[in-house]
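Below you'll find the structure, written out as structure tokens, and then a few comments.
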Amino acid sequence: MNRRLKMGMVGGCLSSFIGVVHRMAAGLDNEIELVCGAFNADVKLSKEAGAAYYLEDNRVYGSYAEMFENEKQLPEDERMDFVSIVTPNFLHFDIAKMALENGFHVVCEKPMTVTSQEAEQLVELVESTGLIFALTHPYSAYPLVKQAKHIVESGQLGNIRKVVVEYPQGWLATALETAGNQQASWRTNPAKSGKSGSIGDIGVHAQNLAEYITGQKISEVCADFTTFVSGRLLEDDANVLIHFNKGAKGILYASQISVGEENNLKIRVYGELGGIEWQQQEPNSLILNLLNKPMQILRTGDNANLCKQAIKNARLPGGHPEGLIEAFANIYRNFAEAVRANKVGFILENSDIASVHDGLSGMRFIDAVVESAASNEKWIKLKQ
């Protein structure tokens, strides 16, 4: 296929934060072009966004249903190849389901749905259609997270014993949802975000990162929720003890009331022979401590000491900062490779993108944590 992939977008109007990130990332490798969109349920706002993105007016829609219906009527080399879903959580399922039913590949923001039952339906649809579904967990797309995964897989740490993963933010330390903040308004509203606040919004990133690096699945949780801001409908602080299916034990916490914190996702993994540490706010460094050896700091760009996946997902020479846009771009590039293979009848064995199955794991994690936080039982098993 000698052309760029054509992307449609649902959500992502001019006031959208995450829509900007997706548009920039998708275009970074010149593999993808935005050709259409339903950017807002308000047709006027959708049209304003489409004009700002230099789209043809007849490819800017007032609803995703209209977009899917019109786009599938176009010749194959003109219509969109896939849709990027960047709406609030409660809309993800209906849009993804309709896209798959109409033959379009999907990139979707996390969490994938608001219930595990919806997630299970999407798994079935992806498997029955054979289409590509990517969930945007960007933190697993950083080069040195790939290196961390390689270090664990290669056995350098020995059997994994302990995982500590934390995601503190401070932006919801006050009731921004009552002050007209658009992001706070929907993220703290269970009708739009789902049954969980801090865990559903950022805790699933911590869960995905822990499972991605260790290669182990969380099997049991013991959780404690607190809503510190008076009147807020969902938890803004969560502390979770976790058991993994291959024997590791861990701690996961997600907090959005930790004053002074920005976006401080951090993970530490300890094995019999060593430990690693990675922090999203300093993403170009990975600390490696091996038993009875000096501490090492691995750096993006140091290709002589990095694995193939880390090198592939790095974009600049050492010493040049790479961040969230580049991580999202890695997802879109790897997704594009998988879609191109799909279009000629091949299946990439390792596309290295979070899949619909990872989305289901995330929803089951949220379910178990919410159940545990509301229960007097010590441990809640995750559905496998």
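Values quoted throughout were computed directly from the atomic coordinates according to the rules given, and no laboratory measurement underlies them. Since the structure is predicted, the reported quantities are computational estimates derived from the model, not experimental observations. Cβ: placed from backbone, ideal geometry, glycine included. Neighbour counts: every protein chain shown.
Quick one: what are the phi-derived ³J(HN,Hα) couplings along segment 247-260, Karplus 6.51/-1.76/1.60 with θ = phi - 60°, whole Hz, x for glycine and proline?
Karplus values, whole Hz, x for Gly and Pro: x, 6, 10, x, 9, 10, 9, 10, 9, 10, 10, 7, 4, x.
Enumerate the amide H contacts of GLY274 below 5 Å, restricted to partners 5 or more residues apart or on another chain; note that Pro and chain-start residues carry no placed amide H.
Residues meeting the amide H criterion: LEU291.
Is there a quick way to get the dipole size of segment 226-270? I mean about its Cα centre, with the Cβ of Lys and Arg at +1 and of Asp and Glu at -1; what is the value in debye to the nearest 20?
360
Tell me the relative contact order for segment 3-84 as a rounded percent, counting alpha carbon contacts under 8 Å between residues six or more apart.
The value is 36 percent.
Calculate for the chain the 222 nm mean residue ellipticity that helices alone would give, adding -39,500 (n - 2.57) per DSSP H run of length 4 or more and normalising by residue count, nearest 500 deg cm²/dmol.
Value at 222 nm, helices only: -10000 deg cm²/dmol.
Skipping prolines and chain starts, which residues have an amide H placed within reach, meaning under 5 Å, of the one on GLU261, given they are 5 or more residues away or on another chain?
Under 5 Å from the amide H of GLU261 lie the amide H atoms of GLY170, each far enough along the sequence or on another chain.
Considering the dipole of segment 251-334 built from charges on the beta carbon (Lys and Arg +1, Asp and Glu -1) around the Cα centre, which of GLN256, GLN280, ASN334 is farthest to its positive end?
Among GLN256, GLN280, ASN334, the one farthest towards the positive end of the dipole of segment 251-334 is ASN334.
With +1 on the Cβ of every Lys and Arg and -1 on the Cβ of every Asp and Glu, and nothing else charged, how large is the dipole of segment 31-142 about its Cα centre, in debye rounded to the nearest 20?
Computed charge dipole of segment 31-142: roughly 320 debye.
I need to check one value: relative contact order of segment 150-248, counting alpha carbon pairs closer than 8 Å and at least 6 residues apart, in percent.
Relative contact order of segment 150-248: 29 percent.
Considering the chain as a Gaussian network with a 10 Å cut-off on Cα pairs, which listed residue, MET67, MET24, MET363, attains the greatest mean-square fluctuation?
Largest GNM mean-square fluctuation: MET24.
I need the GluC sites (Glu not before Pro) found in segment 43-113, filtered to DSSP loop residues with at most 12 other beta carbons within 10 Å of theirs.
GLU56, GLU76, GLU78
Using the Karplus curve 6.51 cos²θ - 1.76 cosθ + 1.60 with θ = phi - 60°, what ³J(HN,Hα) values do you get for each residue of segment 92-101, in whole Hz, with x for Gly and Pro?
For segment 92-101, the Karplus-derived couplings read 4, 4, 4, 5, 4, 4, 5, 4, 5, 5 Hz, x marking Gly and Pro.
Can you give me the angle between helix 43-52 and the longest principal axis of the chain, using Cα atoms only, in degrees from 0 to 90, rounded to the nearest 10?
80
With no solvent and one point per C-alpha, what does the Debye sum give as log10 I(q)/I(0) for the chain at q = 0.06, 0.09, 0.12 Å⁻¹?
So the normalised log intensities are -0.23, -0.52, -0.94.
Pick from HIS205, HIS150, HIS137: which is most flexible by mean-square fluctuation in a GNM of the chain where alpha carbon atoms under 10 Å apart are linked?
HIS150
Return one number: the angle in degrees, 0 to 90 and rounded to the nearest 10, between the long axis of the Cα atoms of helix 204-214 and the longest principal axis of the Cα atoms of the chain.
With rounding to tens, the tilt is 60 degrees.
Convert each backbone phi in segment 286-292 into a coupling constant with the Karplus relation 6.51 cos²θ - 1.76 cosθ + 1.60 (shift: θ = phi - 60°), then list the ³J(HN,Hα) values in order as whole Hz, x for Gly and Pro.
With the stated coefficients, segment 286-292 comes to 10, 8, 10, 10, 9, 3, 6 Hz.
Mind pulling the angle between the C-alpha long axis of helix 356-373 and the longest principal axis of the chain? Nearest 10 degrees, somewhere in 0 to 90.
60
Would you grab the residues whose amide H sits under 5 Å from the one on PHE228? Only those 5+ places off in sequence or on another chain, please, with H modelled 1.01 Å from N.
Counting only residues 5 or more places away or on other chains, the set is ASP236, ASP237.
Identify the chymotrypsin sites (Phe, Trp or Tyr not before Pro) of segment 176-243 meeting these criteria: DSSP loop state and at most 16 other C-beta atoms within 10 Å of the C-beta.
Answer in residue order: PHE228.
Can you give the charge dipole size of segment 302-345 about its Cα centre, rounded to the nearest 20 debye, using +1 on the beta carbon of Lys and Arg and -1 on the beta carbon of Asp and Glu?
Here the size comes out at about 260 debye.
Within the chain, what is the longest stretch that has no trypsin sites (Lys or Arg not before Pro) placed in a DSSP loop and near at most 14 other beta-carbon atoms within 10 Å?
My reading of the result: 73-245 is the longest stretch.
Just want the answer: with Cβ charges of +1 for Lys and Arg and -1 for Asp and Glu, which residue in ALA206, GLY247, ASN189 is farthest toward the dipole's positive end in segment 164-255?
Of ALA206, GLY247, ASN189, it is GLY247.
With 18 Å as the limit, write out which pairs from LYS217/LYS381; LYS195/LYS378; LYS249/LYS308; LYS6/LYS343; LYS149/LYS381; LYS149/LYS266 have Cα-Cα distances beyond it, or answer none.
Too far apart for the 18 Å limit: LYS195/LYS378; LYS249/LYS308; LYS149/LYS381.
Just want to confirm a number: the relative contact order over the chain, from Cα pairs under 8 angstrom separated by 6+ residues, in percent.
Rounded, it is 19 percent for the chain.
Could you pull out the chymotrypsin sites (Phe, Trp or Tyr not before Pro) across segment 246-351 that fall in loop regions by DSSP (anything but H, G, I, E, B) with no more than 14 other Cβ atoms inside 10 Å?
In loop regions of segment 246-351 (DSSP not H, G, I, E or B), the sparsely surrounded chymotrypsin sites (Phe, Trp or Tyr not before Pro) are PHE346.
Using the number of other C-beta atoms within 10 angstrom as an exposure proxy, rank ASP352, ASP81, ASP94, ASP236 with the fewest first.
Fewest to most other Cβ atoms nearby, the residues stand as ASP94, ASP352, ASP236, ASP81.
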